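Engineer: Input: one structure, supplied below.
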Amino acid sequence: MKEKQPLFSIVVPAYNEEKFIVPCVESLKNLRSNFDIEIIVADNNSTDNTVNIVRELGVVLVQEKRQGVGAARRAGTSIAKGEFIVHVDADTRLPEGYLEKVYNRFQSNKKLVCIGGQFIFYDAPVWKRVLRFFNHWSLWLFAVSVSFGKVGPMGNNMTFKKDLYDQTDGFDKRLRYGEDMDLCRKLSVFGKIRLDMSLKCQVSVRRFVLDKRLWDYFLNFIKMSMVGKPRKNVLPHSEDI
C-alpha cells in the first residue's frame, strides 16, 4: 500500500536544544490540524541530550555533520515528503490554526510561493516586547523595500512549496546566517514572497540579548537585505542554530 503523502512537512534545525525541543515539538503535535503532517528534526552535532530526547518524541530525526543552520535546514528539507515545507526554530511554538491559515493563504493566492509571519516573545520582559513590535515592523519595511519584495519570511516560521524549492539549489549549506533570506531570493523568481504580520508564532527572547552578537545579527540582516550576502558568516558556535 502506497504511503500517503503529508500535506505539510515541518522541519526543525537543532543544536544543543535539550531545553527547548520538547515544547517546540509538542506545540507542533498539538496543532490539531485536519492535514497530514510530518515533523523532522535536523540535529546539527548536538553535544547535549538533544538527540536522545528527539528519539523519544516519535518524530523523524536526521543528523547533519556540517555545522551551520543552512546545512541543517537543507538536510531536513531534503528528506521532507510534504507538498508544503514549514521551517521553524527549536524555540518556536506554533499556535493552533497556524497551518490552516497558511494553507488558506496559498489557496487564495496562486502566485504565492513563500510566506512567513511575525514572531512574538513568550519569555521576554514587557520593555523587550514593546521594543520588538517597533523593531519588527521597521526592519520588515526596510528589508522588503531594499530587496524589492524578495525577502521577508524568517526561519522561525516560513512555509514554501516543495516542488518550487526542488527547482532551486536549495538552502545554502555554507550559510550560518541569512539562509532563510537567501532562499527567499531564490524562490522569488517563481512568484510572490510574503511576510504576513497577521500570521504569528511565539519564540524565545534568548537570541535578543543586547550584546555584540545582536549587533552582528543586525549588520548581517542589513547586508543580506541589500545585497543577499552576510557581512559576517561566522557566528559564535552556540548561535549556529
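The values are calculated or read from the model by the stated rules, or taken from the named source; none is laboratory data. If you're wondering where the values come from, they're calculated on a predicted model, not measured in any experiment. FYI the Cβ positions are ideal-geometry reconstructions off the backbone, even for glycines, and counts take in every protein chain you see.
Engineer: Restricting region 176-202 to residues that are part of a loop (DSSP other than H, G, I, E, B) and at pLDDT 95 or above, which is surrounded by the fewest Cβ atoms within 10 Å (Cβ to Cβ)?
Structural biologist: Looking at the filtered set, the residue picked out is V189.
Engineer: Going through region 23-49 one residue at a time, which ones are of a type in the set (S, T, Y) and free of Cβ contacts under 8 Å to residues at least 60 places away in the same chain?
Structural biologist: Scanning region 23-49 gives S46, T47.
Engineer: Further question: Only one of V151, V205 is assigned to a loop (DSSP other than H, G, I, E, B), touching a Phe, Trp or Tyr at 6+ places or on another chain (Cβ under 6 Å) and in contact (Cβ under 8 Å) with a residue 24 or more places away in the chain. Can you tell me which?
Structural biologist: Exactly one residue qualifies, and that residue is V205.
Engineer: Assess whether N44 counts as being farther than 21 Å from Q202 by Cβ, touching a strand residue (DSSP E or B) at 6+ places or on another chain (Cβ under 9 Å) and among the polar types (S, T, N, Q).
Structural biologist: Criteria met by N44.
Engineer: Report yes if some residue within region 167-180 is of a type outside the set (G, A, S) and within 19 Å of D196 (Cβ to Cβ); otherwise report no.
Structural biologist: yes
Engineer: OK, next. Between residues in region 50-64 that are acidic (D, E) and residues that are part of a loop (DSSP other than H, G, I, E, B) and at pLDDT 95 or above, which pairs lie under 6 Å by C-beta distance while being six or more apart or on different chains?
Structural biologist: Listed pairs, sorted by first residue: E64/N44.
Engineer: Pairs please, first residue from region 181-197 and under 11 Å from G228 (Cβ atoms), second anywhere and surrounded by fewer than 23 Cβ atoms within 10 Å (Cβ to Cβ) and among the β-branched types (V, I, T), Cβ atoms under 6 Å, 6+ apart in sequence or on different chains.
Structural biologist: K186/T168
Engineer: Moving on to the next point. Which of the residues belonging to region 166-212 are touching a Leu at 6+ places or on another chain (Cβ under 7 Å) and not acidic (D, E)?
Structural biologist: T168, F171, R176, Y177, L187, F190, G191, K192, I193, R194, C201, F208 - these are the residues of region 166-212 that are touching a Leu at 6+ places or on another chain (Cβ under 7 Å) and not acidic (D, E).
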